[in-house]
There are 2 protein chains.
Amino acid sequence: MLYRDYRDVPAEVAGEGITIRWVIGKPQGAPNFAMRVIEFAPGAVFAPHQHPYEHEIFVLEGEGVAQGPEGEVPMRPGVALYIPPNERHGYRNTGPGVLRFICVIPHPEAS
Amino acid sequence: MLYRDYRDVPAEVAGEGITIRWVIGKPQGAPNFAMRVIEFAPGAVFAPHQHPYEHEIFVLEGEGVAQGPEGEVPMRPGVALYIPPNERHGYRNTGPGVLRFICVIPHPEAS
C-alpha cells in the first residue's frame with residue numbers, strides 16, 4: 001500500500017496560475033489510470049481543448065465553471081464531472097480562493 | 001460532459017455502517033474505470049480482504065486507518081492511497097464523524 005499526502009507531491013506548472021500534482025500513477029506502479037490533483041489560482045483559465053482520453057473529475061475546494069459542448073456547469077465541492085474522450089472542455093476559477101479538483105485519466109498519460 | 005453532485009447519487013449499503021455511491025461508471029459511459037464515494041459511519045470496519053484489481057483512493061473527510069501488509073496507515077483529508085492488485089487491505093473509521101473517501105477501480109466492477 002502506497003501512502004501519500006497530496007501536499008507532499010511536487011506541484012508542476014500546467015498553465016498560468018495552474019498546477020498539477022501526479023499523486024498516483026505509473027511511477028507508483030498503478031497499472032491502469034493516474035490520479036492527479038489540479039489547482040487553479042483565482043481567475044485562472046484553461047482554455048477549451050480536447051484529447052482522445054476521458055476525465056473523471058471530483059471537485060475538492062473552491063468555485064469555478066467547466067465549459068463543455070452544452071455550455072457551462074458549476075464546479076463546487078462534491079461535484080463530479082465525466083468528460084468523454086474527444087469532447088471539448090475547459091475550466092475557469094470564478095471564486096475568491098483556489099479551485100482544487102481531482103482528475104483521473106487512463107494511461108498513457110497523454111497531455 | 002456529465003455533471004453530478006455525489007450527494008444526488010443513491011447510497012448503496014456495502015456493509016454495516018458503510019455505504020457506496022457509484023458516481024461515475026459504465027452507466028455514465030466511462031470506458032475504463034469507475035469513481036465511487038464510500039462512507040464509513042463512526043466505528044465502522046471493513047475487514048481485510050483482497051481482489052485482483054487495484055484501488056486509487058483519496059480521503060475527503062474524517063479520520064481512519066487503512067490496514068495493509070506493512071501495518072496501518074492513517075486516513076485523513078488529503079491522503080491518497082494506492083492499493084495494488086491482490087494486496088490484502090481493510091479500513092476502519094476511528095474518528096467521531098463520517099469517514100469519506102473516493103475509491104477508483106478499473107472496469108469490470110468486480111466486488
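The values are calculated or read from the model by the stated rules, or taken from the named source; none is laboratory data. It should be emphasised that the depicted structure is a prediction, and the values quoted were computed from it without experimental measurement. Ideal geometry is used to build each Cβ from the backbone, glycine not excepted, and the neighbour counts take in all protein chains shown. SASA here: full protein model, heavy atoms, side chains in, ligands and nucleic acids out. Shrake-Rupley method; radii C 1.70, N 1.55, O 1.52, S 1.80 Å.
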Highest GNM mean-square fluctuation, chain B, Cα pairs closer than 10 Å: which of B:50, B:67, B:28?
B:28
Selected from A:13, A:64, A:78, residue furthest toward positive end of dipole (chain A; charges at beta carbon)
A:13
GNM on chain A, Cα springs under 10 Å; top mean-square fluctuation among A:95, A:64, A:78 goes to A:78
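Probe radius 1.4 Å, ligands and nucleic acids left out: can you give me the accessible area buried at the A-B interface, summed over both chains, in Å² to the nearest hundred? Mind dumping the intermediate values first?
On the way: alone 6470 and 6470 Å², together 9440 Å².
Interface area, both chains combined: 3500 Å², rounded to the nearest 100.
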Chain B - Rg and Dmax from Cα coordinates, angstrom
13.5, 40
Roll a 1.4 angstrom probe over the protein heavy atoms and tell me the percent of accessible area of the protein assembly as shown that is carbon or sulfur.
53
Whole-number accessible area per residue in Å² for the protein assembly as shown, which is evaluated in the context of all protein chains at 1.4 Å:
43
Go through region A:37-47 residue by residue and turn each phi into a ³J(HN,Hα) via Karplus (6.51, -1.76, 1.60, θ = phi - 60°); whole Hz please, and just put x for glycine and proline.
10, 10, 10, 10, 5, x, x, 5, 10, 10, 5
Once phi is turned into θ = phi - 60°, what whole-Hz ³J(HN,Hα) does the Karplus curve with 6.51, -1.76 and 1.60 give for every residue of region B:75-86, x standing for Gly and Pro?
10, 8, x, x, 7, 10, 10, 10, 10, x, x, 6
In nm, spacing of pseudo-spin labels at residue A:88 and residue A:28 (7 Å Cα→C-beta vector):
3.4
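What does the charge dipole of the protein assembly as shown about its Cα centre add up to, to the nearest 20 debye, if the Cβ of each Lys and Arg holds +1 and the Cβ of each Asp and Glu holds -1?
Numbers: 18 positive and 26 negative charges, 1 e Å.
Charge dipole, the protein assembly as shown, about its Cα centre: 0 debye, nearest 20.
Assigning unit charges at the beta carbon (Lys, Arg +1; Asp, Glu -1) and nothing else, what dipole magnitude in debye, to the nearest 20, does chain B show about its Cα centre?
Numbers: 9 positive and 13 negative charges, 37 e Å.
Roughly 180 debye for chain B.
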Round to a whole angstrom and tell me the spacing of the C-alpha centers of region A:10-44 and region B:14-33.
23
Relative to the other copies, what are the label-point distances for residue A:88, with labels 7 Å from Cα along the C-beta vector, expressed in nm at one decimal and sorted shortest first?
5.4
